[in-house]
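Report on the following structure.
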């Protein structure tokens, strides 16, 4: 983490740190404006979605690439309740 200990302004260091966490697969918890709720943001997934000839099929493949993470979070929420 020495790369974050530079003389760059704090906003640039924070942006670099967030990019590094995103690259490693961590997902940020973000607050929703004007409420006391939080949501998990999107991050780059290790499994790249396939591209198809039709835009609709490519869109569905992109959604399916996020399915394992959605199922894992759903299971955790189910146990917390």
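Quick notes
- Listed by first and then second residue, the pairs linking a residue in segment 54-77 that is in contact (Cβ under 8 Å) with a residue 24 or more places away in the chain and not assigned by TED's automatic domain parsing to the domain that holds residue 39 to a residue that is outside any helix (DSSP H, G or I) and surrounded by fewer than 13 Cβ atoms within 10 Å (Cβ to Cβ), with Cβ atoms under 9 Å apart and 6 or more places separating them unless they lie on different chains, are 66/42; 69/40; 73/40.
- A search for C-beta distances below 6 Å between a residue of segment 3-21 that is assigned by TED's automatic domain parsing to the domain that holds residue 40 and any residue that is assigned to a helix (DSSP H, G or I) and at pLDDT below 75, counting only pairs 6+ apart in sequence or on different chains, returns 13/4; 17/4.
- For beta carbons closer than 9 Å, sequence separation of 6+ or different chains, a first residue in segment 26-37 that is free of Cβ contacts under 8 Å to residues at least 40 places away in the same chain and a second that is loosely packed, with under 10 Cβ neighbours inside 10 Å and part of a loop (DSSP other than H, G, I, E, B), the qualifying pairs are 31/37.
The values are calculated or read from the model by the stated rules, or taken from the named source; none is laboratory data. No experiment lies behind these values; they were computed from the predicted model shown. In this analysis, Cβ positions are derived from the backbone assuming ideal geometry, glycine residues included, and neighbour counts consider all displayed protein chains.
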